[in-house]
Structures are given as C-alpha cells and as structure tokens.
Amino acid sequence: MRAPRIRLGINIDHVATLRNARGGVLPDPIQAARLAAESGADNITAHLREDRRHISDHDIARLLAEVDCPLNMEMAATDEMTAITLQAKPPAACLVPERREERTTEGGLDVVAQHNTLEPVVAAFGDAGIEVSLFIAAERRQIEAAAHLCAAAIEIHTGSWCDAFAEGREADTEREWQAIVDGAAYAHGLGLEVHAGHGLNYATARKISTLPEIVELNIGHFLVGEAVFIGLGEAVRRMRAAMDLGRQAVCLREGDSIAS
Ligand code: PXP
C-alpha cells in the first residue's frame, strides 16, 4: 500500500497548563502554536475540557483567528462542547472521553456503549463540514462502531503501548503493539482514516510511523517537556525527523516513495 506523508499535530494543552499554574497570560499557547506551525506541525490540537483546566474558550477563538494552521479541537461529546464546537467550526474535532478526576485522557471512548450519544454529534459535525475522529482503543468492536457512525477517522489511543515501552515491560509492549498494527489495518480496511496519539516520544513516534495506514500523529506532553531543554521549535523539528525516518523505512520496504 502507498504510504502517504504522515501529518504531525502538536497538542499545546500543556503550554496552557503552565500558564494557568501562575495565572496571567504567559506562556502563551497561541505563540506556541505559531512556533509549532513554523517548525513543521501540520495541525494544532487543543482540548477544551469541561473544567477548563488548561485551554480556555478564548484560546480556541484565538487559535482559529490568529494561527495559520488547521485546528483539531478535542472535546467530550457533551451538549455544551457540541454547541461550542458547532459555533467555532474548527476544520477537525476529536471526540474523547472525559472524567473530571483524571489527570489526562486515560482511556478510549466506548463507542459501542455510547452509540446513541455519539451518533447525533458525529452527524451534526459532518453536516457542518467538521472532520470527526473518535479517540478509541485499537479494538475491533470499537473500530466497527466508529465505522458504523460514519466518522471520518479514528485516533488510536497509544497510551498503554507507550507506558509499557517506557517501563520496559516487553511482553506488554509487544501485545499492545500488535493490537495497534491489527487495529490500524482493520480500520483502514473499513475506510476510516487512522490517526494515533497519547504518550508518544521520538522512539515510539518513529516506530508507529512505519505503519502505512497511520496518516496523523497527535503529540503534546513529551514535546512540551522537551521544549524546556531544547526549545519547542527544535523539539518539533526532531519529532518531524523521527516520523519521516519511520515513514521512509516503510517506503523503502515497499519500494515506494512518500506521497506528498
Ligand atoms: N490525542 C488525544 C486524543 C489526547 O487526548 C491527547 C492528550 O491530550 C493526545 C493526543 C496527546 O497526548 P500526549 O500529550 O501524551 O502526547
């Protein structure tokens, strides 16, 4: 299969986390988004949470008005967030599960159980021209449910794989990786665009870029951490290079070139 160039979405939530730790306006997540775009990001991801713990409504408005890079708005499928998203009309939205007490998005959406809640949201966003992805575990029944809802894309939750890799749990790493490999192929076969994200670093981003079905990665926390040491622009450039190396490996393997 021909491997398209893989897109890099930079999640700027944790620039806002840092800002909010002190109150005030610095560091400015919109400045971070501009720098990320100049350094090789293809889109900017921001999660407007119910408790507004990092990104604010004003940040979303500024990202849309002031940054020349498509916004992928992460959100829970609540009435409030659906109304805000339909009003803001970002080019893309990623529906995620959300619990107030969690530190980050800890699991994927249960699309099977939440079919009736998600269906009108996916349909309304589709009608509004907003490309919808569903953040799910790489499980066949969740992928089938996403396809059934006619979502444009799924984003595979890579958190368990990345945790197992970071902690050196080899058997778990292999099992989680196989689930991602199988899930990406299965989703692609059902006509879904396949994205991935959560917990990725240079090594895991490079590895997952070898899967030709994956067309987008969304990465935040690791890069904001790297920015402390090498600057955000350099961190984004290194991530872009890691992904391109992974993608080149698949292209060489298949005797193909990276499609632009
Ligand atoms: N994709 C989704 C859907 C997410 O919820 C998150 C975390 O906000 C990410 C990607 C980025 O994860 P990380 O910050 O661990 O790179």
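Every number in this text was worked out from the coordinates using simple rules, so none of it is lab data. This one's a predicted model, so the numbers in the text were calculated from it and none came from an experiment. Virtual Cβ from ideal backbone geometry, glycine too; neighbours counted across all protein chains shown.
Here are some notes:
- Only Lys, Arg (+1) and Asp, Glu (-1) charged, at Cβ; the stretch 160-227 dipole about Cα centre in debye: 120
- 56, 209, 160 arranged by Cβ crowding within 10 Å, fewest neighbours leading: 56, 160, 209
- Longest exposed-site-free window of the chain, the sites being GluC sites (Glu not before Pro) in a DSSP loop that have at most 16 other C-beta atoms within 10 Å: 168-260
- Other-chain or far-sequence residues with amide H under 5 Å of residue 131's (modelled H): 92, 93
- Farthest toward positive dipole pole in the stretch 1-77 [+1 Lys/Arg, -1 Asp/Glu at C-beta], among 10, 48, 25: 10
- Choice from 181, 25, 67 with maximal GNM fluctuation in the chain (Cα, 10 Å cutoff): 25
- When all alpha carbon pairs of the stretch 133-212 are counted in 5 Å bins from zero, the resulting P(r) reads 3, 17, 29, 24, 15, 8, 3, 0 %.
- Net charge dipole size for the chain [Lys, Arg +1 and Asp, Glu -1 on Cβ; Debye, nearest 20]: 640
- Whether the stretch 1-121 is rounded, prolate or oblate, judged on the alpha carbon gyration tensor where a/c under 1.5 counts as rounded: oblate
- The three principal axes of the Cα atoms in the chain give end-to-end lengths of 49, 46, 36 Å, sorted in falling order.
- For the stretch 67-174: rounded, prolate or oblate by the Cα gyration tensor [a/c cutoff 1.5]: prolate
- Distance-filtered residues of the stretch 56-86 - backbone nitrogen under 16 Å, label point 7 angstrom along residue 38 Cα→Cβ: 66-69
- Residue 137 long-range amide H proximity, modeled H, under 5 Å: 108, 109, 157
- The stretch 112-260, dipole about Cα centre (Lys/Arg Cβ +1, Asp/Glu Cβ -1), debye to the nearest 20: 340
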